[in-house]
1. Which helices pass in the chain if a helix is a full DSSP H run, must span at least 24 angstrom along its long axis by Cα, and must have mean Kyte-Doolittle hydropathy not below -0.5?
2. Using only the Cα atoms of region 125-284, build the gyration tensor, take square roots of its eigenvalues as a ≥ b ≥ c, and label the shape rounded, prolate or oblate: rounded if a/c is under 1.5, else prolate if a/b is larger than b/c, else oblate.
3. Assign unit charges at the C-beta atoms only (+1 for Lys and Arg, -1 for Asp and Glu), then state the dipole size of the chain relative to its Cα centre in Debye, rounded to the nearest 20.
4. Using the count of nearby Cβ atoms within 10 Å as a rough guide to exposure, how do 293, 365, 259 rank from fewest to most?
5. Could you work out [θ]222 nm for the chain from helices alone, using -39500 (n - 2.57) per DSSP H run of at least four and dividing by all its residues? Round to the nearest 500 deg cm²/dmol.
6. How much space per residue, in cubic angstrom, does the convex hull of the C-alpha atoms of region 2-134 take up?
7. Consider all pairwise Cα distances in the chain and report the whole-number % of them above 31 Å.
8. Residues with beta-carbon under 13 Å from that of residue 242, excluding residue 242: net charge, scoring Lys, Arg +1 and Asp, Glu -1?
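Bear in mind these aren't lab numbers, they're just calculated from the coordinates by the rules spelled out. Worth saying up front: this structure is predicted, and the values here are computed from it rather than measured. Don't worry about glycine lacking a Cβ; one is built from the backbone with ideal geometry, like all the others, and counts go over all protein chains shown.
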Amino acid sequence: MPHRLADVRRALTDAPADLLVEHLAEVLRKLYNLTDVAYFQVDYRLAALLPLHGGAPPTAPGSPAWRSFDHQTEVIADGALHLPVGSRGERMGVLRLAPAATEPEVRAELSEVATLLGHELAAVDATTDRYRVAARSRRLTLAAEMQWELLPGRSRRGTAFSLAGQLEPAYAVRGDSFDWADDERRLWLSVMNGMGEGVAAATATCLGTYALRNARRAGLDLADQAALADQALYAHYTGVQHLAALLMELDLATGTLTVVDAGSPRLIVQRDGELHHQELEQQFPLGMFDGTVYHEQRLDLSVGDRLVVVSDGVLNAAKEAGRYGEATLERCLRRTRSLPPMEAVRAVVGDLRAFVGGDLVDDAVVVCLDWTGPGR
């Protein structure tokens, strides 16, 4: 009923930032006679659903909580209702409620409750450490802390696109990163492959990202965004350290993709069952030389196209038997083509970990973008 949702909304907005779930549990027990309210957050590796209040996490890929997270739908199992929690396409975790409601209208209300929780968690993210700490299965390195703070999120959904990205090794990433932003007409996406180790690599990537954001928010076109970031990096490092980047701007109405390849990560286009390694005009990495002039090129996407961007750390992931390489990546991409971007990214990263037998040694970034067409 509408008044119940109003009560839930009021309880969430009045709750202290670090006690959202506790206040939500209290009001749900009163309004819906629930005896068990638990929240599970996906961890930094996208490999575990960690309970906010401790206890054993659901580990099996086919467990009810994981099915709810993977398919972004309600799952009823073991007497409990599992609901995905997120905000504007950003997947955060799963809410488990017991006993499971049997009435469809009540389950629809509780699904709305999970959405309200996701929006409140997004709103308080910058004001409390509680949820970020609880989403860690181990300590982050300082460089990784810097990189995760820099990200816009790990997944995003708009009216004409769906997007996801992941950094590896999640708890020790150094120089690789990505950034995005969108308005009603355009989507901007940058994927960076930073050089160096530790905090030095993370610092250069941070500088490059903020320079690109500054130029983008000033209304500069893509080539000038690259030039401004190039100048900022060169002024600070005088060419000793630089940043390889792929800058893209997608016209959401027409599918026209504007690209600047600044020593970039690899761009792969999946269309009609085929996979194309997109040839781009290779230009100098950002900050390598003073006063580099960058040039844009344009590609026309078809509705339903998928773009996958990977850094060298993906293709060069190695074990004694050899490198991961293009052929292995292509098999994984073909196998996951029907999956949404987040599942596709998780599959590629999981395939990489399986290949090397654990966490990656070198940085790797994977970003997946689907253009679903205007008005979709």
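1. Working: long enough: 104-124 (30 Å, 0.47); 198-217 (29 Å, 0.20).
Passing helices, by number: 104-124, 198-217.
2. It comes out oblate by the Cα gyration axes.
3. Result for the chain is approximately 780 debye, rounded to the nearest 20.
4. Lowest to highest Cβ neighbour count: 293, 259, 365.
5. -11500 deg cm²/dmol
6. Values: hull volume 13.7 nm³, N = 133.
So the per-residue hull volume is 103 Å³.
7. Working: 27257 of 70500 pairs.
Here the long-distance tail beyond 31 Å is 39 percent of all Cα pairs in the chain.
8. -2
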